[in-house]
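Report on the following structure.
What follows is calculated from the coordinates using simple rules that are stated; it is not laboratory data. What you are looking at is a predicted structure, and each value in this text was computed from that prediction instead of being measured. Note that each Cβ is placed from the backbone with ideal geometry, even for glycine, and that neighbours are counted across all protein chains shown.
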Amino acid sequence: MRFIRFIFISLILFFLVFFAISLVMPSHIRISRAIDISSNKQKVFDAVNDFKVWDKWNQFTSNSSLTNKIFSDPSYGDGAFIKADQLHVTIIQSNIDSVKTKWDQTNAKHFDGGFNIMELRTGTITVQYYFDFYFKWYPWEKFTSLVYDKQLGPIMEESLTNLKLFAESNP
């Protein structure tokens, strides 16, 4: 009986410590990557604002595991979308300085993302690619956020490298 009580109290204490640690973790995280592109701002904006062009550089949408892709008509600008069995991405707002998107996965994960397009130096465009995640108070949800950067970061970096190659090579 003492052993069972010890295990029960230990489990409760473990959960309380787990919960207390999760309380100091943020409820919002932004995963972000950036790259400098030697191109003009309009060309870069056109590439990030059109879903049909995304297939040429964005690893999230050009992924061969996406099935039954459907593009809106038009495939660019506010309200445009790309829809597949696993993913639905919508452009919420676009202008020459930014493109804001909403991502919905079939496993019920919803998050925001987008691109900030800045000309900090003449002839060089800095593109920031980001995802915003908002979490509830659940400890397991906050702890899973720790792996998002490791999962998404390399794909974002590869996509930005492809965007750079695409924008710098096309007239």
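Could you tell me which of rounded, prolate or oblate describes segment 23-154, using a ≥ b ≥ c as the square roots of the eigenvalues of the alpha-carbon gyration tensor, with rounded for a/c under 1.5 and, failing that, prolate when a/b is larger than b/c and oblate otherwise?
Because a/c hits 1.5 or more and a/b fails to exceed b/c, segment 23-154 counts as oblate.
Does anyone have the angle between helix 148-169 and the longest principal axis of the chain? Alpha-carbon axes, 0 to 90°, nearest 10?
It is inclined by approximately 0 degrees.
Taking the Cα centre of the chain as the origin, how large is its charge dipole in debye, to the nearest 20, when only Lys and Arg (+1) and Asp and Glu (-1) carry charge on their Cβ atoms?
About 700 debye.
Only helical DSSP H runs with n ≥ 4 go in: add -39500 (n - 2.57) per run for the chain, normalise by residue count and round the 222 nm mean residue ellipticity to 500 deg cm²/dmol.
That calculation yields -11500 deg cm²/dmol at 222 nm.
Would you mind calculating the gained length between F8 and S38 on full extension (0.36 nm times residue separation, minus the Cα-Cα distance), in nm to one decimal?
4.6 nm
For segment 144-171 and segment 68-112, compute the distance between their C-alpha centroids and round to whole Å.
The two parts, judged by their Cα centres, are 17 Å apart.
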